[in-house]
Number of protein chains: 2
Amino acid sequence: MAPKSVQTAPEPPDGDPKHAARATRSAGRQMRSRLLDGASRLFKQRGLAGTSISDIAAAADAFPSQITYYFRTKEALFVEAACRDVLYVARAAEQAALQATTPAEYTHALVETVTATDSVAFFAEALTLTRRRPDLAPLVERTIERLHGEGMRAYAGQIERHGWKSLRDPDASSRRFWALAIGVTVEGHAMGRSAEDMGAEMLRVLGDQATTRTGDTRLRLVGDRDVSNSDSSDGENSP
Amino acid sequence: MAPKSVQTAPEPPDGDPKHAARATRSAGRQMRSRLLDGASRLFKQRGLAGTSISDIAAAADAFPSQITYYFRTKEALFVEAACRDVLYVARAAEQAALQATTPAEYTHALVETVTATDSVAFFAEALTLTRRRPDLAPLVERTIERLHGEGMRAYAGQIERHGWKSLRDPDASSRRFWALAIGVTVEGHAMGRSAEDMGAEMLRVLGDQATTRTGDTRLRLVGDRDVSNSDSSDGENSP
């Protein structure tokens, strides 16, 4: 069966094999991307078990055989779609956080972007699936490494740019952010929590990651905070 | 079909209906508990999809009809077994942490106990399942509330007993602990990490939860720690 994308792809302008190869590669990339878009939408709505290969093919205006050609199995497509999705939301979160001028604003922007979508829940479902499918682990592993690495670089860049004072190294901050995002999302979705509630819970358990440098030279009595002080935004305020 | 447990339960010693009712209740509890034990073992080994009701019945020396009698569906049994399992490991972690004399020892004991078993991964799988099965959510909700509540009480008790200085309120500490346990476990299992690696990662992202009171009255220059200090155990050391 001929892939549908080839039918709509522009014909190479002449007989040059380089042009033909480029057009085929580009059409292949477009079809892959369209299949991933359709799959992400359906998987997030209905989960792995509730979505069939033919549903996805129909949503992407493709043939089921194209899904098996590009991704081999529904599970592999699920994991690849979820990994792509969480990397998109991570980039969107970094973009949103670029506007921040204080560490608290930075954390708020990240948390708000990440909890506003289903992407972390989708990714967590892919992680759970991968536990029983070690053949799909390498992609998940690379994705987690990219989340940690890019989060760390973005955070270190902001610290540098604004002269904030980090309370721990940016690598640990980034790892903690994503582990908490996954934990809070998995708990929250099981409990039917709203995006707002999950955002509030994430801010509550994250605590502050950095302080502005303005406090640098104050002297403070160590241990002067009350145990009963439950204001989470104050949890790690002082380095 | 007569439940197998009734066949082995002690006969009521006389015709007193209270005795008979008590014997039946007790036999029912024993059978429920045996089914949950067998189910936990198999589900942790093989996952939900890899385990059938008849496998569990065979493992518990019971009839498949007893599983549907006590739990209705395999999914409901999965969620109940996972909830029971994570509450057991939470209690074991608290017991292990009772020996701790410093906040760092306390956190180490909790993390070591929790990462040494498959229980958190099992519970995370139940949470993911519940997202698509809201009928199973109430049990999961009560379990999360118990994890948070009992964790908070145990931690507040240790703080009181040893005179430690908490860096945030015990409720936020307990919520953070469990969200991180779930996040680190889901990531770690997908990546094929060992229990030791997951324990190290959890300690790294948790940071310190409290300090001993010995530092209470020292004066310290606020902000005197270097950004490049990557020793995670030092991340939140000073209140």
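Put a plus charge on the Cβ of each Lys and Arg, a minus charge on the Cβ of each Asp and Glu, and nothing anywhere else: the dipole of the stretch B:115-154 about its Cα centre is then about 100 debye.
Suppose R0 equals 25 Å. What FRET efficiency, 1/(1 + (r/R0)^6) with r the Cβ-Cβ distance, do B:Glu150 and A:Arg142 give to the nearest 0.05? Efficiency, rounded to the nearest 0.05: 0.10.
When A:Leu36, B:Leu167 are arranged by Cβ crowding within 10 Å, least crowded first, meaning fewest neighbours, the order is A:Leu36, B:Leu167.
When each of A:Phe78, B:Phe63, B:Phe123 is scored by the number of other beta-carbon atoms lying within 10 Å, the sequence from fewest to most is B:Phe63, A:Phe78, B:Phe123. Sorted shortest first, the separations between the A:Pro64 label point and its copies elsewhere in the assembly read 2.7 nm; each point sits 7 Å from Cα along the Cα-to-Cβ line.
Under the combined filter of DSSP loop state and at most 13 neighbouring Cβ atoms within 10 Å, the stretch A:43-142 retains these trypsin sites (Lys or Arg not before Pro): A:Arg72.
Stretching B:Ala21 away from B:Asp197 to a fully extended chain increases their span by 58.4 nm, per 0.36 nm per residue minus the current alpha-carbon distance.
Extent of the stretch B:161-206 along its three principal axes (Cα atoms, max minus min coordinate, largest first): 39, 17, 15 Å. Summarising the rotation from chain B to chain A, the nearest chain B beta-carbon to the axis and its distance in Å are given as B:Gly183, 2. Extending 7 Å from Cα along the Cβ direction at A:Asp61 and again at B:Ala92 yields two label points whose distance is 5.6 nm.
Farthest toward the positive end of the dipole of the stretch B:90-134, out of B:Leu98, B:Thr115, B:Thr128, is the Cα of B:Thr128, where the dipole comes from beta carbon charges about the Cα centre.
Within the stretch A:127-180, the proportion of C-alpha pairs whose separation exceeds 15 Å stands at 54%. Relative to the other identical copies, A:Leu98 shows label-point distances of 5.5 nm, where the label point lies 7 Å from Cα along the Cβ direction and values run shortest first.
FYI, it's all coordinate maths here, none of it is from the lab. Just so you know, these numbers come straight off a predicted model, no measurement behind them. Cβ: placed from backbone, ideal geometry, glycine included. Neighbour counts: every protein chain shown.
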